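Contents: one structure, followed by commentary.
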Amino acid sequence: EALKLDQTSSPTTPTQPKIKSKGLDVPKLWKDGKAKRKPAAAFVVIGHVDHGKSTLMGRLLLDTGAVSQRDIDKYKKQATELGKASFALAWVMDTGSEERERGVTVDIAQHHFSTDKVDFTILDAPGHRDFVPNMIGGASMADLAVLVVDANQLESGMKGQTREHILLAKACGLKRIVVAVNKLDSSSPPWGEATFEQVKDEVTKLLTATGFAAEDIAFVPCSGLNGQNVVTPVPSNGKTGWVASSSRTLLQELERSASDNVAEATIKASLRMQIADVFRGGITNPLSVSGRIATGNVQVGDSVIVQPSGETAAVRGIEASSDGVEWAVASQLCTLHLTDIEPQHLRAGDVLCSTSKPVPVVKSFVVQIQALESILPQGVDVHVGRLHTSGIIAALITTLDAQGELLKKKPRVVKAGQSANVKVVLSDGGAPLEVGDRVVLRANGSTVAAGKVERTGSCR
Ligand code: GDP
(Lines give C-alpha, C1' and ligand atoms only; values in the text may rest on other atoms or scores of the structure.)
Protein backbone atom coordinates (compact mmCIF):
# COMPACT_ATOMS: atom_id res chain seq x y z
CA GLU A 1 0.00 0.00 0.00
CA ALA A 2 2.87 2.32 0.90
CA LEU A 3 4.43 1.60 -2.45
CA LYS A 4 1.22 2.45 -4.21
CA LEU A 5 0.97 5.75 -2.42
CA ASP A 6 4.52 6.55 -3.44
CA GLN A 7 3.72 5.83 -7.04
CA THR A 8 0.56 7.79 -7.28
CA SER A 9 1.06 10.81 -5.10
CA SER A 10 4.02 12.32 -6.92
CA PRO A 11 2.83 15.73 -8.08
CA THR A 12 3.93 17.18 -11.38
CA THR A 13 7.25 18.92 -10.91
CA PRO A 14 6.60 22.63 -10.65
CA THR A 15 10.09 23.49 -11.84
CA GLN A 16 9.48 22.34 -15.41
CA PRO A 17 9.90 25.21 -17.82
CA LYS A 18 6.74 26.31 -19.60
CA ILE A 19 6.52 24.88 -23.09
CA LYS A 20 5.16 27.19 -25.72
CA SER A 21 2.95 26.00 -28.52
CA LYS A 22 4.71 26.34 -31.85
CA GLY A 23 1.46 27.49 -33.42
CA LEU A 24 1.64 24.87 -36.16
CA ASP A 25 -1.16 24.75 -38.71
CA VAL A 26 -1.92 21.14 -37.88
CA PRO A 27 -4.82 20.60 -40.33
CA LYS A 28 -2.55 21.79 -43.14
CA LEU A 29 0.37 19.60 -42.05
CA TRP A 30 -2.02 16.68 -41.88
CA LYS A 31 -3.39 17.39 -45.35
CA ASP A 32 0.05 17.92 -46.91
CA GLY A 33 1.39 14.71 -45.40
CA LYS A 34 -1.48 12.60 -46.68
CA ALA A 35 0.43 10.89 -49.49
CA LYS A 36 3.33 9.95 -47.22
CA ARG A 37 1.30 8.69 -44.30
CA LYS A 38 0.70 5.02 -43.64
CA PRO A 39 -2.93 4.36 -42.75
CA ALA A 40 -3.59 3.10 -39.23
CA ALA A 41 -6.35 0.92 -37.85
CA ALA A 42 -7.31 -0.06 -34.32
CA PHE A 43 -9.56 -2.98 -33.55
CA VAL A 44 -11.21 -4.68 -30.59
CA VAL A 45 -11.36 -8.44 -30.35
CA ILE A 46 -14.68 -9.87 -29.30
CA GLY A 47 -16.32 -13.27 -28.98
CA HIS A 48 -17.15 -16.02 -26.54
CA VAL A 49 -14.58 -17.13 -23.96
CA ASP A 50 -12.30 -19.95 -25.21
CA HIS A 51 -13.11 -19.42 -28.87
CA GLY A 52 -9.45 -18.54 -29.38
CA LYS A 53 -9.22 -14.73 -29.23
CA SER A 54 -5.90 -14.49 -27.37
CA THR A 55 -4.29 -17.28 -29.36
CA LEU A 56 -5.28 -15.66 -32.64
CA MET A 57 -3.92 -12.29 -31.56
CA GLY A 58 -0.69 -13.91 -30.33
CA ARG A 59 -0.42 -15.51 -33.76
CA LEU A 60 -0.91 -12.18 -35.54
CA LEU A 61 1.80 -10.58 -33.39
CA LEU A 62 4.21 -13.49 -33.94
CA ASP A 63 3.73 -13.84 -37.68
CA THR A 64 3.99 -10.11 -38.34
CA GLY A 65 7.22 -9.99 -36.34
CA ALA A 66 5.87 -7.83 -33.50
CA VAL A 67 6.96 -10.50 -31.03
CA SER A 68 9.82 -12.90 -31.59
CA GLN A 69 9.82 -16.68 -31.77
CA ARG A 70 12.24 -16.52 -28.83
CA ASP A 71 9.58 -14.85 -26.69
CA ILE A 72 7.04 -17.45 -27.73
CA ASP A 73 9.47 -20.28 -26.94
CA LYS A 74 9.94 -18.80 -23.50
CA TYR A 75 6.18 -18.70 -22.96
CA LYS A 76 5.91 -22.22 -24.34
CA LYS A 77 8.40 -23.51 -21.81
CA GLN A 78 6.51 -21.89 -18.96
CA ALA A 79 3.18 -23.05 -20.35
CA THR A 80 4.40 -26.63 -20.82
CA GLU A 81 5.60 -26.74 -17.23
CA LEU A 82 2.07 -25.85 -16.21
CA GLY A 83 0.66 -28.48 -18.58
CA LYS A 84 -0.87 -25.83 -20.80
CA ALA A 85 1.40 -25.84 -23.83
CA SER A 86 -1.44 -24.83 -26.12
CA PHE A 87 -1.73 -21.50 -24.32
CA ALA A 88 1.76 -20.27 -25.24
CA LEU A 89 0.51 -17.94 -27.96
CA ALA A 90 -2.32 -16.64 -25.82
CA TRP A 91 0.17 -15.58 -23.14
CA VAL A 92 1.55 -12.90 -25.39
CA MET A 93 -1.72 -11.10 -24.81
CA ASP A 94 -1.55 -11.42 -21.05
CA THR A 95 0.71 -8.43 -20.69
CA GLY A 96 0.20 -5.53 -23.00
CA SER A 97 3.22 -3.82 -24.46
CA GLU A 98 2.18 -0.70 -22.62
CA GLU A 99 2.04 -2.59 -19.34
CA ARG A 100 5.47 -4.05 -19.96
CA GLU A 101 6.94 -0.67 -20.83
CA ARG A 102 5.40 1.28 -18.00
CA GLY A 103 5.09 -1.48 -15.43
CA VAL A 104 1.46 -0.71 -14.67
CA THR A 105 -1.81 -2.49 -15.12
CA VAL A 106 -4.21 -1.04 -17.63
CA ASP A 107 -7.83 -1.87 -18.33
CA ILE A 108 -7.43 -1.71 -22.07
CA ALA A 109 -4.10 -3.08 -23.28
CA GLN A 110 -2.70 -1.93 -26.58
CA HIS A 111 -0.57 -4.17 -28.78
CA HIS A 112 0.96 -2.81 -31.96
CA PHE A 113 1.98 -4.53 -35.17
CA SER A 114 2.66 -3.25 -38.66
CA THR A 115 2.70 -4.35 -42.26
CA ASP A 116 4.15 -2.47 -45.23
CA LYS A 117 0.73 -0.91 -45.72
CA VAL A 118 -0.84 -0.35 -42.30
CA ASP A 119 0.00 0.29 -38.63
CA PHE A 120 -2.32 -1.74 -36.44
CA THR A 121 -3.33 -1.53 -32.80
CA ILE A 122 -5.11 -4.34 -30.99
CA LEU A 123 -7.27 -2.99 -28.17
CA ASP A 124 -7.63 -5.82 -25.72
CA ALA A 125 -9.70 -5.96 -22.56
CA PRO A 126 -7.54 -8.36 -20.58
CA GLY A 127 -9.11 -10.89 -18.27
CA HIS A 128 -12.67 -12.04 -18.35
CA ARG A 129 -13.80 -10.21 -15.25
CA ASP A 130 -15.35 -6.91 -16.14
CA PHE A 131 -14.83 -7.67 -19.79
CA VAL A 132 -17.89 -5.78 -20.97
CA PRO A 133 -17.18 -2.35 -19.45
CA ASN A 134 -13.62 -2.59 -20.76
CA MET A 135 -14.85 -3.76 -24.10
CA ILE A 136 -17.10 -0.70 -24.34
CA GLY A 137 -14.04 1.41 -23.61
CA GLY A 138 -12.00 -0.43 -26.23
CA ALA A 139 -14.73 -0.30 -28.85
CA SER A 140 -15.09 3.44 -28.39
CA MET A 141 -11.44 3.77 -29.46
CA ALA A 142 -11.57 1.28 -32.32
CA ASP A 143 -12.11 1.52 -36.06
CA LEU A 144 -13.42 -2.01 -36.38
CA ALA A 145 -14.08 -5.24 -34.51
CA VAL A 146 -12.68 -8.71 -35.03
CA LEU A 147 -15.19 -11.34 -33.93
CA VAL A 148 -13.69 -14.75 -33.20
CA VAL A 149 -16.04 -17.73 -33.52
CA ASP A 150 -14.98 -21.31 -32.82
CA ALA A 151 -16.27 -23.18 -35.88
CA ASN A 152 -16.94 -26.22 -33.70
CA GLN A 153 -18.99 -24.36 -31.10
CA LEU A 154 -21.55 -22.62 -33.22
CA GLU A 155 -24.22 -22.89 -30.59
CA SER A 156 -22.32 -21.18 -27.78
CA GLY A 157 -21.04 -18.76 -30.38
CA MET A 158 -24.52 -17.60 -31.23
CA LYS A 159 -25.69 -16.92 -27.72
CA GLY A 160 -24.53 -15.14 -24.65
CA GLN A 161 -21.25 -13.32 -24.94
CA THR A 162 -21.03 -13.27 -28.74
CA ARG A 163 -24.47 -11.78 -29.04
CA GLU A 164 -23.88 -9.13 -26.40
CA HIS A 165 -20.46 -8.22 -27.81
CA ILE A 166 -21.95 -7.73 -31.28
CA LEU A 167 -24.67 -5.48 -29.90
CA LEU A 168 -22.10 -3.47 -27.98
CA ALA A 169 -19.79 -3.13 -30.97
CA LYS A 170 -22.70 -1.71 -32.92
CA ALA A 171 -23.81 0.47 -30.01
CA CYS A 172 -20.30 1.95 -29.78
CA GLY A 173 -20.54 3.04 -33.40
CA LEU A 174 -18.36 0.38 -35.05
CA LYS A 175 -19.43 -0.19 -38.63
CA ARG A 176 -17.06 -2.80 -39.89
CA ILE A 177 -16.59 -6.29 -38.51
CA VAL A 178 -14.22 -9.07 -39.57
CA VAL A 179 -15.31 -12.53 -38.45
CA ALA A 180 -12.54 -15.07 -37.91
CA VAL A 181 -14.11 -18.51 -38.20
CA ASN A 182 -11.50 -20.16 -36.04
CA LYS A 183 -10.19 -23.63 -35.11
CA LEU A 184 -10.98 -25.06 -38.54
CA ASP A 185 -7.94 -27.33 -38.05
CA SER A 186 -10.00 -29.31 -35.55
CA SER A 187 -13.43 -29.27 -37.22
CA SER A 188 -14.78 -32.55 -38.51
CA PRO A 189 -13.73 -33.04 -41.17
CA PRO A 190 -10.75 -30.66 -40.72
CA TRP A 191 -11.20 -27.59 -42.92
CA GLY A 192 -14.76 -28.61 -43.78
CA GLU A 193 -16.15 -26.04 -46.17
CA ALA A 194 -19.71 -26.92 -45.12
CA THR A 195 -18.84 -26.13 -41.48
CA PHE A 196 -17.50 -22.74 -42.52
CA GLU A 197 -20.56 -21.97 -44.65
CA GLN A 198 -22.91 -22.88 -41.83
CA VAL A 199 -21.10 -20.61 -39.37
CA LYS A 200 -21.05 -17.86 -41.97
CA ASP A 201 -24.83 -18.10 -42.53
CA GLU A 202 -25.69 -18.03 -38.84
CA VAL A 203 -23.32 -15.21 -37.95
CA THR A 204 -24.46 -13.17 -40.95
CA LYS A 205 -28.06 -13.44 -39.75
CA LEU A 206 -27.10 -12.27 -36.29
CA LEU A 207 -24.97 -9.38 -37.56
CA THR A 208 -27.50 -8.08 -40.07
CA ALA A 209 -30.27 -8.34 -37.47
CA THR A 210 -28.08 -6.14 -35.25
CA GLY A 211 -27.77 -3.54 -37.97
CA PHE A 212 -24.44 -4.30 -39.64
CA ALA A 213 -24.60 -3.84 -43.42
CA ALA A 214 -23.71 -6.93 -45.45
CA GLU A 215 -20.89 -5.07 -47.23
CA ASP A 216 -19.28 -4.22 -43.88
CA ILE A 217 -18.98 -7.85 -42.80
CA ALA A 218 -16.09 -10.10 -43.90
CA PHE A 219 -15.44 -13.75 -43.05
CA VAL A 220 -12.06 -15.44 -42.79
CA PRO A 221 -11.65 -19.20 -42.26
CA CYS A 222 -8.55 -19.80 -40.13
CA SER A 223 -6.67 -21.57 -37.37
CA GLY A 224 -5.00 -19.24 -34.92
CA LEU A 225 -3.23 -22.09 -33.15
CA ASN A 226 -1.54 -23.39 -36.30
CA GLY A 227 -1.24 -20.03 -38.00
CA GLN A 228 -3.21 -21.06 -41.07
CA ASN A 229 -4.74 -18.23 -43.11
CA VAL A 230 -3.95 -15.67 -40.40
CA VAL A 231 -0.83 -14.08 -41.90
CA THR A 232 0.39 -17.04 -43.97
CA PRO A 233 -1.95 -18.23 -46.75
CA VAL A 234 -2.93 -21.92 -46.78
CA PRO A 235 -1.83 -24.34 -49.54
CA SER A 236 -4.02 -24.06 -52.61
CA ASN A 237 -4.24 -27.83 -53.01
CA GLY A 238 -5.73 -30.47 -50.72
CA LYS A 239 -8.31 -29.80 -48.03
CA THR A 240 -7.60 -26.07 -47.77
CA GLY A 241 -7.92 -25.50 -51.52
CA TRP A 242 -11.31 -23.81 -51.15
CA VAL A 243 -9.89 -21.36 -48.62
CA ALA A 244 -7.00 -20.32 -50.86
CA SER A 245 -9.31 -19.72 -53.81
CA SER A 246 -12.16 -17.94 -52.03
CA SER A 247 -10.85 -16.02 -49.06
CA ARG A 248 -8.26 -13.49 -48.01
CA THR A 249 -6.05 -14.08 -45.00
CA LEU A 250 -7.08 -12.37 -41.78
CA LEU A 251 -4.23 -9.89 -42.20
CA GLN A 252 -5.27 -9.02 -45.76
CA GLU A 253 -8.83 -8.51 -44.62
CA LEU A 254 -7.64 -6.22 -41.82
CA GLU A 255 -5.49 -4.23 -44.24
CA ARG A 256 -8.52 -3.68 -46.45
CA SER A 257 -10.36 -2.19 -43.47
CA ALA A 258 -7.77 0.47 -42.80
CA SER A 259 -8.23 3.91 -44.23
CA ASP A 260 -6.99 7.43 -43.85
CA ASN A 261 -10.35 9.00 -44.56
CA VAL A 262 -10.93 11.40 -41.71
CA ALA A 263 -12.92 14.43 -42.83
CA GLU A 264 -11.03 17.71 -42.72
CA ALA A 265 -13.88 19.22 -40.72
CA THR A 266 -13.28 16.60 -38.01
CA ILE A 267 -9.59 17.53 -37.85
CA LYS A 268 -10.50 21.21 -37.57
CA ALA A 269 -13.21 20.72 -34.94
CA SER A 270 -12.69 21.40 -31.23
CA LEU A 271 -10.44 18.92 -29.45
CA ARG A 272 -12.16 15.98 -27.76
CA MET A 273 -10.07 13.16 -26.36
CA GLN A 274 -11.50 10.83 -23.75
CA ILE A 275 -8.88 9.52 -21.35
CA ALA A 276 -8.54 5.73 -21.57
CA ASP A 277 -5.81 5.38 -18.97
CA VAL A 278 -3.77 7.66 -16.72
CA PHE A 279 -0.09 6.89 -16.12
CA ARG A 280 1.64 8.42 -13.12
CA GLY A 281 5.11 8.27 -11.74
CA GLY A 282 7.12 7.92 -14.95
CA ILE A 283 10.63 9.34 -14.60
CA THR A 284 10.83 11.40 -17.79
CA ASN A 285 7.08 11.92 -17.96
CA PRO A 286 5.50 11.95 -14.50
CA LEU A 287 1.94 12.31 -15.77
CA SER A 288 0.56 10.94 -19.02
CA VAL A 289 -2.83 10.02 -20.44
CA SER A 290 -3.69 7.73 -23.32
CA GLY A 291 -6.74 7.76 -25.54
CA ARG A 292 -8.12 8.28 -28.99
CA ILE A 293 -8.61 11.77 -30.36
CA ALA A 294 -12.27 11.83 -31.36
CA THR A 295 -12.27 15.26 -32.96
CA GLY A 296 -9.83 18.11 -33.46
CA ASN A 297 -6.07 18.15 -33.12
CA VAL A 298 -3.41 18.80 -30.52
CA GLN A 299 0.23 19.93 -30.60
CA VAL A 300 3.06 20.10 -28.10
CA GLY A 301 2.69 23.23 -26.00
CA ASP A 302 -1.09 23.41 -26.28
CA SER A 303 -3.25 24.10 -23.26
CA VAL A 304 -6.20 21.77 -22.83
CA ILE A 305 -9.15 21.74 -20.45
CA VAL A 306 -9.99 18.54 -18.62
CA GLN A 307 -13.69 17.93 -18.04
CA PRO A 308 -15.44 17.50 -15.65
CA SER A 309 -12.82 19.12 -13.37
CA GLY A 310 -12.49 22.18 -15.63
CA GLU A 311 -8.75 22.34 -14.86
CA THR A 312 -6.26 23.26 -17.56
CA ALA A 313 -3.14 21.30 -18.38
CA ALA A 314 -0.23 21.86 -20.75
CA VAL A 315 0.80 19.24 -23.29
CA ARG A 316 4.55 18.74 -22.96
CA GLY A 317 4.87 15.75 -25.28
CA ILE A 318 2.88 13.52 -27.60
CA GLU A 319 3.44 9.90 -28.59
CA ALA A 320 1.61 8.22 -31.43
CA SER A 321 2.48 4.70 -32.60
CA SER A 322 5.21 4.72 -29.90
CA ASP A 323 7.03 7.62 -31.58
CA GLY A 324 7.42 11.11 -30.19
CA VAL A 325 5.55 13.52 -32.46
CA GLU A 326 4.83 17.24 -32.56
CA TRP A 327 1.13 16.92 -33.20
CA ALA A 328 -1.73 14.44 -33.48
CA VAL A 329 -5.19 14.55 -35.01
CA ALA A 330 -8.66 13.00 -34.81
CA SER A 331 -8.80 9.20 -35.15
CA GLN A 332 -5.27 8.72 -33.78
CA LEU A 333 -4.53 6.77 -30.64
CA CYS A 334 -1.94 8.64 -28.67
CA THR A 335 -0.38 9.31 -25.31
CA LEU A 336 -0.15 12.91 -24.12
CA HIS A 337 2.42 13.88 -21.51
CA LEU A 338 0.90 16.60 -19.36
CA THR A 339 2.15 19.18 -16.94
CA ASP A 340 0.76 22.11 -14.90
CA ILE A 341 -2.10 20.01 -13.49
CA GLU A 342 -2.57 17.99 -10.31
CA PRO A 343 -2.99 14.27 -11.00
CA GLN A 344 -6.27 14.01 -9.10
CA HIS A 345 -7.97 16.05 -11.82
CA LEU A 346 -7.30 13.33 -14.38
CA ARG A 347 -9.33 10.11 -14.43
CA ALA A 348 -10.14 7.47 -17.04
CA GLY A 349 -13.32 8.65 -18.75
CA ASP A 350 -12.54 12.36 -18.41
CA VAL A 351 -12.37 14.35 -21.61
CA LEU A 352 -9.51 16.59 -22.77
CA CYS A 353 -10.90 19.56 -24.70
CA SER A 354 -9.78 22.66 -26.51
CA THR A 355 -9.80 25.65 -24.16
CA SER A 356 -12.00 27.62 -26.55
CA LYS A 357 -14.89 25.17 -26.50
CA PRO A 358 -14.82 22.53 -23.77
CA VAL A 359 -17.48 19.84 -23.64
CA PRO A 360 -20.19 20.81 -21.14
CA VAL A 361 -20.73 18.83 -17.95
CA VAL A 362 -24.38 17.81 -17.88
CA LYS A 363 -26.63 16.37 -15.21
CA SER A 364 -29.22 14.90 -17.52
CA PHE A 365 -29.76 14.04 -21.15
CA VAL A 366 -32.27 12.61 -23.58
CA VAL A 367 -31.04 9.57 -25.46
CA GLN A 368 -32.65 7.77 -28.37
CA ILE A 369 -32.25 4.16 -27.40
CA GLN A 370 -32.75 0.74 -28.81
CA ALA A 371 -34.03 -1.37 -25.93
CA LEU A 372 -32.50 -4.81 -25.55
CA GLU A 373 -34.62 -5.63 -22.52
CA SER A 374 -37.91 -4.10 -21.46
CA ILE A 375 -37.36 -0.81 -19.70
CA LEU A 376 -39.23 0.98 -16.96
CA PRO A 377 -38.13 4.09 -15.11
CA GLN A 378 -35.22 2.50 -13.23
CA GLY A 379 -31.64 2.84 -12.02
CA VAL A 380 -28.93 2.16 -14.61
CA ASP A 381 -25.17 2.10 -15.06
CA VAL A 382 -24.27 4.63 -17.70
CA HIS A 383 -21.30 3.90 -19.96
CA VAL A 384 -19.93 6.45 -22.39
CA GLY A 385 -16.77 4.90 -23.75
CA ARG A 386 -14.42 4.72 -20.77
CA LEU A 387 -16.73 6.74 -18.54
CA HIS A 388 -18.78 4.67 -16.11
CA THR A 389 -21.26 6.39 -13.87
CA SER A 390 -24.69 5.74 -12.48
CA GLY A 391 -28.03 7.35 -13.14
CA ILE A 392 -31.73 6.74 -13.42
CA ILE A 393 -34.01 6.54 -16.39
CA ALA A 394 -36.26 9.28 -15.04
CA ALA A 395 -38.79 9.46 -17.86
CA LEU A 396 -39.93 7.44 -20.85
CA ILE A 397 -40.70 10.19 -23.34
CA THR A 398 -41.78 8.48 -26.55
CA THR A 399 -41.58 5.16 -28.33
CA LEU A 400 -40.69 5.28 -32.02
CA ASP A 401 -41.40 3.06 -35.00
CA ALA A 402 -38.75 1.65 -37.33
CA GLN A 403 -38.69 4.93 -39.29
CA GLY A 404 -38.13 6.94 -36.13
CA GLU A 405 -41.68 8.34 -36.20
CA LEU A 406 -43.67 8.81 -33.02
CA LEU A 407 -45.49 5.69 -31.88
CA LYS A 408 -46.61 6.64 -28.41
CA LYS A 409 -46.09 9.49 -25.93
CA LYS A 410 -45.30 8.76 -22.28
CA PRO A 411 -45.32 4.98 -22.64
CA ARG A 412 -45.53 3.00 -19.43
CA VAL A 413 -42.81 0.65 -20.60
CA VAL A 414 -40.39 0.35 -23.51
CA LYS A 415 -40.42 -3.22 -24.76
CA ALA A 416 -37.32 -5.15 -25.82
CA GLY A 417 -36.56 -4.39 -29.44
CA GLN A 418 -38.34 -1.01 -29.44
CA SER A 419 -36.77 2.38 -30.06
CA ALA A 420 -37.54 5.16 -27.65
CA ASN A 421 -36.51 8.54 -26.35
CA VAL A 422 -35.80 8.43 -22.63
CA LYS A 423 -34.46 10.94 -20.16
CA VAL A 424 -31.52 9.89 -18.02
CA VAL A 425 -30.56 11.81 -14.87
CA LEU A 426 -27.00 11.24 -13.66
CA SER A 427 -26.37 10.62 -9.98
CA ASP A 428 -22.91 12.00 -9.31
CA GLY A 429 -22.36 15.61 -10.22
CA GLY A 430 -22.85 15.06 -13.93
CA ALA A 431 -20.64 13.98 -16.79
CA PRO A 432 -18.94 15.56 -19.82
CA LEU A 433 -21.42 14.75 -22.56
CA GLU A 434 -22.71 16.23 -25.78
CA VAL A 435 -25.23 15.56 -28.52
CA GLY A 436 -24.20 12.59 -30.67
CA ASP A 437 -22.26 10.77 -27.94
CA ARG A 438 -22.96 7.06 -27.74
CA VAL A 439 -24.31 5.74 -24.48
CA VAL A 440 -24.73 2.17 -23.22
CA LEU A 441 -27.14 1.56 -20.34
CA ARG A 442 -26.67 -1.54 -18.20
CA ALA A 443 -28.47 -2.93 -15.18
CA ASN A 444 -27.54 -5.89 -12.97
CA GLY A 445 -24.60 -6.76 -15.17
CA SER A 446 -26.45 -6.91 -18.46
CA THR A 447 -26.91 -4.40 -21.24
CA VAL A 448 -30.48 -3.08 -21.33
CA ALA A 449 -30.25 -0.36 -23.97
CA ALA A 450 -27.89 1.70 -26.11
CA GLY A 451 -28.19 4.79 -28.24
CA LYS A 452 -27.12 8.32 -29.10
CA VAL A 453 -27.56 11.46 -27.04
CA GLU A 454 -30.23 13.71 -28.61
CA ARG A 455 -30.35 16.59 -26.12
CA THR A 456 -28.50 17.55 -22.97
CA GLY A 457 -29.86 19.42 -20.02
CA SER A 458 -28.91 21.35 -16.86
CA CYS A 459 -25.37 22.31 -17.77
CA ARG A 460 -23.18 22.99 -14.80
P1 GDP B 1 -10.01 -16.89 -25.59
O2 GDP B 1 -10.63 -17.16 -24.25
O3 GDP B 1 -11.07 -16.62 -26.63
O4 GDP B 1 -8.95 -15.84 -25.57
O5 GDP B 1 -9.33 -18.26 -26.09
P6 GDP B 1 -7.80 -18.75 -26.00
O7 GDP B 1 -6.99 -18.08 -27.05
O8 GDP B 1 -7.32 -18.66 -24.60
O9 GDP B 1 -7.94 -20.27 -26.46
C10 GDP B 1 -8.74 -21.19 -25.76
C11 GDP B 1 -8.29 -22.62 -26.09
O12 GDP B 1 -8.54 -22.91 -27.46
C13 GDP B 1 -6.81 -22.88 -25.86
O14 GDP B 1 -6.63 -24.19 -25.36
C15 GDP B 1 -6.24 -22.77 -27.24
O16 GDP B 1 -5.05 -23.49 -27.41
C17 GDP B 1 -7.35 -23.35 -28.09
N18 GDP B 1 -7.29 -22.82 -29.46
C19 GDP B 1 -7.18 -21.49 -29.80
N20 GDP B 1 -7.13 -21.36 -31.14
C21 GDP B 1 -7.21 -22.60 -31.68
C22 GDP B 1 -7.20 -23.12 -33.02
O23 GDP B 1 -7.11 -22.40 -34.01
N24 GDP B 1 -7.31 -24.48 -33.16
C25 GDP B 1 -7.42 -25.31 -32.09
N26 GDP B 1 -7.52 -26.62 -32.35
N27 GDP B 1 -7.42 -24.87 -30.82
C28 GDP B 1 -7.31 -23.53 -30.60
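The values are calculated or read from the model by the stated rules, or taken from the named source; none is laboratory data. Please read all numbers here as calculations on a predicted model, not as lab measurements. Glycine gets a Cβ as well: all are built from the backbone with ideal geometry, and neighbour counts include every protein chain shown. Only protein heavy atoms, including side chains, enter the accessible area calculation; ligands, DNA and RNA are left aside. Shrake-Rupley method; radii C 1.70, N 1.55, O 1.52, S 1.80 Å.
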- When the distances between all Cα atoms of the chain are binned every 10 Å from zero, what whole-number percent does each bin get? 4, 20, 28, 26, 16, 5, 0
- Query: Of SER288, SER140, which has the most accessible area and how do the rest follow, probe 1.4 Å?
  - Reply: SER140, SER288
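Provide the net charge surrounding ALA194, with neighbours chosen by a C-beta distance below 15 Å and charges set as Lys +1, Arg +1, Asp -1, Glu -1. Show your work: numbers first, answer last.
Working: positive: LYS200, LYS239; negative: GLU193, GLU197, ASP201, GLU202.
Here the count lands on -2.
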- So what are the ³J(HN,Hα) numbers for the range 168-177, from phi and the Karplus equation (6.51, -1.76, 1.60; θ = phi - 60°), rounded to whole Hz, Gly and Pro as x? 5, 4, 5, 4, 7, x, 6, 9, 9, 9
- Residue-level accessible surface for GLU264, protein heavy atoms, 1.4 Å, Å²: 60 Å²
- Item | Charge dipole (debye, nearest 20) of the range 229-275; +1 at Cβ of Lys and Arg, -1 at Cβ of Asp and Glu | 120 debye
- If a/c stays under 1.5 just call it rounded; otherwise compare a/b with b/c (prolate if a/b is bigger, oblate if not). Do that for the range 151-237, with a ≥ b ≥ c from the square roots of the Cα gyration tensor eigenvalues. prolate
- Message: I need the phi-derived Karplus couplings for the range 434-443: 6.51 cos²θ - 1.76 cosθ + 1.60, θ = phi - 60°, integer Hz, Gly and Pro marked x.
- Response: 9, 4, x, 5, 9, 10, 10, 10, 10, 8
- List the residues whose amide H sits under 5 Å from the amide H of ARG455, counting only those 5 or more places along or on another chain, with H placed 1.01 Å from N in the peptide plane. VAL366
- Message: Please give the Cα centre distance for the range 270-324 versus the range 430-460, rounded to the nearest Å.
- Response: 24 Å
- Across the Cα atoms of the range 240-315, what radius of gyration and what greatest pairwise Cα-Cα distance (Dmax) are found, in Å? 19.5, 60
- Message: Rounded, prolate or oblate, given the Cα gyration tensor of the range 241-387, with a/c below 1.5 counting as rounded?
- Response: oblate
- Task: Please list, in chain and number order, the residues 5+ apart from LEU147 or on another chain whose amide H is under 5 Å from its amide H, with Hs placed from the backbone.
- Result: ILE46, VAL178, VAL179, ALA180
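Tell me whether the range 187-290 comes out rounded, prolate or oblate; compute the Cα gyration tensor, take square roots of the eigenvalues as a ≥ b ≥ c, and use a/c under 1.5 as the rounded threshold.
Numbers: a/c = 2.64, a/b = 1.88, b/c = 1.40.
Prolate, because a/c is 1.5 or more and a/b exceeds b/c.
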- Query: What net charge is computed for the residues neighbouring LEU56, neighbours being all others with C-beta under 11 Å from the C-beta of LEU56, Lys and Arg scored +1, Asp and Glu -1?
  - Reply: +1
- Local charge sum around VAL118 (other residues, Cβ-Cβ under 13 Å, Lys/Arg +1, Asp/Glu -1)? -2
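Given a 1.4 angstrom probe, what's the average accessible area per residue across the range 411-460, in square angstrom? Don't skip to the end; give the middle numbers.
Numbers: 2340 Å² over 50 residues.
With all protein chains present, the range 411-460 gives 47 Å² per residue.
Might you report the magnitude of the Cβ-based charge dipole of the chain about its Cα centre, with Lys and Arg at +1 and Asp and Glu at -1, to the nearest 20 debye? Provide the component values of the computation, followed by the final result.
Working: 52 positive and 50 negative charges, 190 e Å.
In debye, rounded to 20, the chain gives about 920.
Ignoring ligands, DNA and RNA, what accessible area per residue does the range 124-251 give at 1.4 Å, in Å²? Present the calculation step by step, with values, prior to reporting the outcome.
Numbers: 5130 Å² over 128 residues.
Per-residue value: 40 Å².
Given R₀ = 51 Å, what would the calculated FRET efficiency be for GLU373 paired with THR115, taking r from the Cβ atoms and rounding to 0.05? If you can, show how the numbers build up before the last one.
On the way: r = 42 Å, r/R0 = 0.81.
After rounding to 0.05, the efficiency reads 0.75.
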- Note on the structure: Carbon plus sulfur, as percent of the 1.4 Å-probe accessible area of the range 185-311, comes to 47 percent
- Item | Using θ = phi - 60° and Karplus 6.51 cos²θ - 1.76 cosθ + 1.60, couplings along the range 408-417 (whole Hz; Gly, Pro as x) | 8, 8, 6, x, 7, 8, 9, 7, 3, x
- Under a plain spin-label model, where a point goes 7 Å from the Cα along Cα-to-Cβ, how far apart in nm are LYS34 and ALA194? 5.1 nm
- What residue among VAL435, ASN237, VAL382 has its Cα farthest toward the positive end of the dipole of the chain, where the charges are +1 on Lys, Arg and -1 on Asp, Glu, each on the Cβ? VAL435
- Could you tell me the accessible area of HIS112 in Å² (1.4 Å probe, neighbours in place), rounded to the nearest ten? 70 Å²
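I'd like the FRET efficiency for ASP323 and GLU454, computed as 1/(1 + (r/R0)^6) with the beta carbon distance as r and R0 of 35 Å, rounded to 0.05.
0.35
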